[in-house]
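The values are calculated or read from the model by the stated rules, or taken from the named source; none is laboratory data. Small disclaimer: the values here were computed from a predicted structure and weren't measured. Here the Cβ positions follow ideal geometry from the backbone for every residue, glycine too, while neighbour counts run over all protein chains shown.
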Amino acid sequence: MNAGSLKVFITGASSGIGQALAEEYVKRGAVIGLVARRADALAAFAARHPAASLSLYPADVRDPEAIADAARRFIADHGTPDIVIANAGISQGALTGHGELETFRAVMDVNYFGMVATFEPFVASMTAARRGTLVGIASVAGVRGLPGSGAYSASKSAAAKYLESLRVELRPQGVAVVTIAPGYVRTEMTAGNPYPMPFLMDADRFAAKTADAIARKVRYATFPWQMRIVGMLLHVLPRWLYDAVFERAPRKPRGNQSAQ
């Protein structure tokens, strides 16, 4: 291993945005730790990149002990990472009053608590070294509560607020926190959406722009850039107008779970 190589730890790395980010950091010559539930998908990725420096950790972010073990092993083998990306996420349409409490719980467990569990075992070594960057993948969908996507919107809103709190907490200790809020990115997660997806961006382009933003340690970034404007407009839209516009908006099918 090159002692000067960038060290990156990524969750949700078996598909979608996580895999695209892994591909991007392979191109950049990084030492990478990859976490995902599907061991076969991680092995297939490693087989496609035999020359890359990859450590594979089959684990579920809903299992804090498994994630902590992966973190300990990565630090033991490679040292404190330069970048930790909490990307693991799921999206599923759900409605209150239809017996879907477990769907709400599952989405929050992965998208929010899974992010906290991912960062938890790295903070001590990062603050001791007074360096490093924690990156959370939020979403423009967390700006307002989208009808039919209450579980997903709530989880991504919670993630964004958590990341903001963490950024202020860790800044005096030399650790940066970056929030990435994707718009529509072409992945398995968005493939089943039965509605138009404006400014849809290819995953590899998204990953390259995200890696550049992380390198600059930006506080908050949205890609594609047009969705940043959409998010700003949504944020300031009066509630009465938001309700009128989105009441008949198309919704993600219930029971259609996808991962990023």
Across segment 136-176, the tally of residues that are more than 24 Å from VAL8 (Cα to Cα) and among the aromatic types (Phe, Trp, Tyr) stands at 1
Starting from segment 57-80, keep only residues that are crowded, with 19+ Cβ neighbours inside 10 Å, then list their pairs with residues that are of a type in the set (Asp, Glu) and not in a helix (DSSP H, G or I) whose Cβ atoms are within a distance under 9 Å, requiring at least 6 positions of separation or different chains. ILE67/ASP60
Does segment 133-146 contain at least one residue that is basic (Lys, Arg), in a loop (DSSP other than H, G, I, E, B) and closer than 29 Å to TYR195 by Cα? yes
Taking segment 217-260 and the residues there that are of a type in the set (A, V, I, L, M) and within 18 Å of PHE199 (Cα to Cα), the one that is modelled with the highest pLDDT would be ALA221
Name the residues in segment 209-224 that are of a type in the set (S, T, N, Q) and either in contact with a Phe, Trp or Tyr (Cβ under 8 Å, 6 or more places away or on another chain) or outside any strand (DSSP E or B) (or both), would you? THR210
Out of segment 181-219, which residues are aromatic (Phe, Trp, Tyr) and either over 27 Å from ARG171 (Cβ atoms) or surrounded by fewer than 17 Cβ atoms within 10 Å (Cβ to Cβ) (or both)? TYR184, TYR195, PHE199
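Could you tell me whether SER157 is touching a Lys or Arg at 6+ places or on another chain (Cβ under 9 Å) and surrounded by 23 or more Cβ atoms within 10 Å (Cβ to Cβ)?
Working: touching a Lys or Arg at 6+ places or on another chain (Cβ under 9 Å): yes; surrounded by 23 or more Cβ atoms within 10 Å (Cβ to Cβ): no.
In short, no.
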